[in-house]
Amino acid sequence: MIRQVFIGEDVPGSEQVKLESKPRLERALAGEVPLPGGITFADSEERAIATALNQALESTTLEMAVGPPPTPVELRAQVVARAAQQLLPGMDLKKIEKVLPKVETVRGFLTIQVPHIMVRPKGDVTVSYEDFNLDTSGMNYKAVDQELLIKHLENDQEFRLRLESVGMTEARPEDYLV
């Protein structure tokens, strides 16, 4: 997830500005914005546990892409163990396990689910290519404009970038942009 962007690197003579953005989920767990669904954390210790659990869930989810997926019970145990490593040594695992459902609920509210769609053909699949001729005699398009409009969104300044081709020709017809 992109958390910071540098603006102005490519503009000569301007200062570089760093913009930082913290994901809403992290801000919610840290108490900077209200939690969705009426969920509350009892104290700052629960917030610290929630933040550690969120980080453990992210790293565990990334690792699940490789290899066989763990069972839900194994997954919960891995996440709780990782969160316990990040927190104070000797912290009660029951306390961490108690906060995990709240973190899962908050993540559910603040996560967009993208469906995985798989298209599978029915029957035998055959691949072939038939030669064809495309009649372009009726297409009369004018040449592509050699000018680009550049508009800065922050101050509405417009610039035009123009390519002047004095005697420039391409060696092959297919190198021209249409």
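For the range 8-46, a residue qualifies if it is touching a residue at least 12 places away in the same chain (Cβ under 8 Å) and assigned to a loop (DSSP other than H, G, I, E, B), and the qualifying residues are S21, K22, P23, A30, G31, L35, I39, F41.
Restricting the search to the range 87-121, which residues are closer than 16 Å to N54 by Cα, touching a helix residue (DSSP H, G or I) at 6+ places or on another chain (Cβ under 7 Å) and assigned to a loop (DSSP other than H, G, I, E, B)? Residues satisfying the conditions are L87, L110. Of all residues in the range 110-151, those that are touching a strand residue (DSSP E or B) at 6+ places or on another chain (Cβ under 8 Å) and either loosely packed, with under 10 Cβ neighbours inside 10 Å or not hydrophobic (A, V, I, L, M, F, W, C) (or both) total 5. Only residues that are under 14 Å from T105 (Cβ atoms) and buried (at least 16 other Cβ atoms within 10 Å of the Cβ) were counted across the range 40-60, and they come to 6. Inspect all residues belonging to the range 126-136 and state whether any of them is touching a residue at least 12 places away in the same chain (Cβ under 8 Å), assigned to a loop (DSSP other than H, G, I, E, B) and farther than 30 Å from I7 by Cβ. No: zero hits.
From the list V5, V73, which residue is part of a strand (DSSP E or B) and either hydrophobic (A, V, I, L, M, F, W, C) or in contact with a Pro (Cβ under 9 Å, 6 or more places away or on another chain) (or both)? Write out each step before concluding.
On the way: V73 fails: part of a strand (DSSP E or B).
Just one listed residue meets the conditions, V5.
Among the residues of the range 61-85, those that are surrounded by 14 or more Cβ atoms within 10 Å (Cβ to Cβ) and without any contact (Cβ under 8 Å) to a residue 12 or more places away in the chain comprise P70, A77.
Read-outs: derived from the displayed coordinates by stated rules, not from any lab. Because the structure is predicted, anything quoted here is derived from the model rather than measured. Neighbour counts are summed over all protein chains in view; Cβ atoms, including those assigned to glycine, are modelled from backbone coordinates with ideal geometry.
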